[in-house]
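For reference, the structure is listed below as structure tokens.
Just so it is clear, none of the values below were taken in a lab; they were calculated from the coordinates. Just so it is clear, the structure is predicted and the values come from calculations on it, not from any experiment. Here the Cβ positions follow ideal geometry from the backbone for every residue, glycine too, while neighbour counts run over all protein chains shown.
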Amino acid sequence: MEGGGRLMVFYTMPRHLREAAGIESTRHVGQKFRGYFASIRFSDGGPDGVPKTVGQASWNVHDARCLGHGARVAATWHSQDGTDTGLPAVVVSDRCIFMTHVLLPDDAANKRRMLLAMVGHLVPEAWKQAVEARIAQTRHQGEEMRKKVLLATMRDSEAARAAGVERPGPPEGQPKTALRTLDMALTENAAAGGLLGKGRYAEALQQSEKAERLLTQGWCLAQKPRPNEHRAFWCHSAFGPAGMAWDEAIRILAENGFTAILPNMLWGGVAFYESDVLPVAPDVKEKGDQIAACLAACRKHGVECHVWKVNWNMGWRAPRDFMERMKNDGRTQVGFDGKAEGRWLCPSHPENQRLEIESMVEVATKYQVHGVHFDYIRYPGREHCFCAGCRERFEKAVGRKVENWPRDVRRDADLERQWLDFRRAQITGVVEAVAQRLRKERPKCKISAAVFRNWPADRDNVGQDWKVWCDRGLLDFVCPMDYTPHDLEFESKVEEQIKWAGKVPCYPGIGLSVWPKKCNIHRLIDQIAITREHQTGGFTIFEYRVPEAHEVVPLCGLGITRRQ
């Protein structure tokens, strides 16, 4: 720094740099309550082009004070109700920018702009480089998208002519709207170039971002829906996307052409509805029966409700006394190394199997749901379960004693083969029992499962023999969790899984919310297109939260899942 270098520092300022930076990192301050640190709000003295507010849910910060070199507080921490805590969030000097906590991944779009503004404050030429690159990239993407839309329109025209339908002149309807929107995007991007030439970098960036949003909208408008398609979302929260009632959440799905929701309403040790089988979560008394609420919204808006259960894993909301009782009764898992796995129920224990079966049958018979959905219907991994009960039940199954438990089931090839068969049988037995019961008691209730994607390996590794479940007709559809952002890898797995599923519909799981760049609508469209190329008949997306409800689903509704 003394020689002209510049620094961006997060959370702690090393002591020997404080004087040179003109900023001192002082006391540690923890949050007074959850949401005490919820956003960073910049004053008029903030770096050029920085967003006024940047969301960040921090739990503690370092206080800071200004020592010199033009240091000033550029932003303070605000609580979730908008109250200014008075604690510095960002301190700026001529030599350094100091943020008083680590950088978290929430509010990613504003974070990117904040970081660029910070870098641009310290190294002004970085603004020009970043905006030039952004404008050039947007122009290239827009031109390529426009070519693809025109080419698709020409193909449609040729197909129509071949069928004896003439479609002269420019495209009409949805393609015309898409092209018009793409042209608007290119015009806005050209305007950004004009601002760049005048050195108005922050304005040029905002203009280019506007052009990007129009590009995305135009590309989404250019997509076509496919009729009679299963379009589903997993929702990990029993209460739906945060802050939204089930009626609003399901309405958004229905209006944008989605046909099903898979809400996670029960685990191995807790239920978010009025269960007579599992412990009921305390929230149910306050917020109501969540299956009833979700199902009512689904029926109102014409969306299927397939209740999702996490099997075997008791979950973080399971009552402590229930988990202790399971452990004391020898019903929880033990690893190959002898260590207890207190949150997982042992799949070979008859009472645990009964609990899994009865809880899923209860959901299907107590509520007129469209289906029940298995998840975690497996072992945690190859290292489980080696409890005393497993040993006893395995020895009885194979008709011999295992002298050196559990080592012999890996040393003896024949014994290992029998052991892997035994593990698979415990899992398959539960799926089969649920299927047998529901085929009699609720024949219209569909049975499905979220499964690992590599069946030949996973049948040994986690005991999940889902091809056999399909072969036996135990499932009505299967959802392999193909959570890769790489299209070639996704496609290769889908090709294999269709063969393994056989006659059972295979609706591949798309990992939108776990990709490195979340809410990437372009990648989502590409992977949906792959499922269509392979005629899967549908897809399932992970997962339904507020960003997906407000940003992704409406974009899908413009084209690829558009209601017709």
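Using only the alpha-carbon atoms of the stretch 253-309 as identical scatterers, what base-10 log of I(q)/I(0) does the Debye formula give at q = 0.15, 0.19 Å⁻¹?
Taking Cα atoms of the stretch 253-309 as identical point scatterers yields -0.45, -0.67.
Quick one: if you stick a label point 7 Å off each Cα along the C-beta vector at TYR11 and ALA388, how many nm between them?
In this crude label model, TYR11 to ALA388 measures out at 4.4 nm.
Put +1 on the Cβ of each Lys and Arg and -1 on the Cβ of each Asp and Glu in the chain; which of ALA457, VAL92, PRO47 then has its Cα farthest toward the positive end of the dipole?
Highest projection toward the positive end goes to ALA457.
To test your reading of the geometry: what angle, between 0 and 90 degrees and rounded to tens, separates the Cα axis of helix 388-398 from the longest principal axis of the chain?
Orientation of helix 388-398: about 50 degrees from the principal axis.
Output the relative contact order of the chain, whole-number percent, from Cα pairs under 8 angstrom with separation of 6+ residues.
Relative CO of the chain lands at 11 percent.
Given the Cα-Cα distance of LYS285 and GLN206 and 0.36 nm per residue of separation, how much length would full extension add, in nm?
Here the segment from LYS285 to GLN206 would lengthen by 23.7 nm.
Express the relative contact order of the stretch 408-564 as a whole percentage, based on alpha carbon pairs under 8 Å and six or more residues apart in sequence.
The normalised contact order for the stretch 408-564 reaches 17 percent.
State which stretch of the chain is the longest one without any exposed GluC sites (Glu not before Pro), exposure meaning a DSSP loop state and at most 16 other Cβ atoms within 10 Å.
Between the exposed loop sites, the longest stretch runs 3-165.
Just to be sure I understand the model, the point goes 7 Å from the Cα along the line to the Cβ. What's the resulting LEU150 to ARG299 distance in nm?
Modelled inter-label distance: 5.3 nm.
May I ask which residue of ALA340, GLN368, GLY120 lies farthest towards the positive end of the charge dipole of the chain, with charges of +1 (Lys, Arg) and -1 (Asp, Glu) on Cβ and the Cα centre as origin?
Positive-most Cα among the choices belongs to GLN368.
Mind checking which aspartates and glutamates have their C-alpha under 15 Å from LYS446, skipping anything on the same chain fewer than 8 residues away?
GLU304, GLU362, ASP375, GLU432, ASP476
What's the exposure ranking of LEU278, LEU179, LEU151, going from fewest to most Cβ atoms within 10 Å?
Ordered by Cβ neighbours within 10 Å, fewest first: LEU151, LEU179, LEU278.
If you place +1 on the Cβ of every Lys and Arg, -1 on the Cβ of every Asp and Glu, and leave all else neutral, what size is the dipole of the stretch 314-424 about its Cα centre, to the nearest 20 Debye?
Computed about the Cα centre, the dipole is about 100 debye.
If you build the Cα gyration tensor of the chain and take the root of 5 times each eigenvalue, what three semi-axes come out, in whole angstrom, biggest first?
47, 35, 22
Would you mind counting up the charge near CYS305? Only other residues with Cβ under 12 Å from its Cβ, with Lys and Arg at +1 and Asp and Glu at -1.
Surrounding charge for CYS305 is +2.
Simple spin-label model, 7 Å along Cα-to-Cβ: LYS224 to GLU2 in nm?
Calculated label separation equals 7.0 nm.
So if I take the centroid of the Cα atoms in the stretch 344-392 and the same for the stretch 27-94, what is the distance between those two points in Å?
Spelled out, the Cα-based centre of one part sits 48 Å from the other.
When only alpha-carbon atoms are used, what values of Rg and Dmax, in angstrom, describe the stretch 262-381?
Values for the stretch 262-381 (Cα only, Rg and Dmax): 14.9, 51 Å.
Consider just the alpha-carbon atoms of the stretch 161-302 and return their Rg together with their Dmax, both in angstrom.
23.4, 70
Please tell me which of these pairs span more than 28 angstrom C-alpha to C-alpha: LYS327/LYS440; LYS444/LYS467; LYS148/LYS467; LYS224/LYS493; LYS148/LYS499; LYS52/LYS128?
LYS327/LYS440; LYS148/LYS467; LYS148/LYS499, as the Cα separations exceed 28 Å there.
To the nearest 20 debye, what charge dipole does the stretch 385-437 have about its Cα centre, counting +1 at the Cβ of each Lys and Arg and -1 at the Cβ of each Asp and Glu?
It comes to approximately 100 debye.
Would you please name the trypsin sites (Lys or Arg not before Pro) within the stretch 429-517 that are DSSP coil residues with at most 11 other C-beta atoms within 10 Å of their C-beta?
LYS444, LYS503, LYS517
Using only Cα atoms, tell me the angle between helix 246-255 and the longest principal axis of the chain; keep it within 0 to 90° and round to the nearest 10.
Result, in degrees: 80.
Taking the Cβ of CYS385 as the centre, find all other residues whose Cβ is under 11 Å away and add up their charges (Lys, Arg: +1; Asp, Glu: -1).
Cβ neighbours under 11 Å give a net charge of +3.
What trypsin sites (Lys or Arg not before Pro) does the stretch 1-85 have in DSSP loop regions with at most 14 other beta carbons within 10 Å?
Those satisfying the criteria are LYS32, ARG34, LYS52.
If exposed means no more than 14 neighbouring beta carbons inside 10 Å and the site is in a DSSP loop, what's the longest run of the chain without any exposed chymotrypsin sites (Phe, Trp or Tyr not before Pro)?
That gives 60-315 as the longest site-free run.
So what is the calculated 222 nm ellipticity per residue for the chain, using -39500 (n - 2.57) for each DSSP H run with n of 4 or more, over all residues, to the nearest 500 deg cm²/dmol?
My calculation for the chain gives -14500 deg cm²/dmol from helical runs alone.
Taking the Cα centre of the chain as origin and charging only Cβ (+1 Lys, Arg; -1 Asp, Glu), how large is the dipole, in debye to the nearest 20?
Here the size comes out at about 280 debye.
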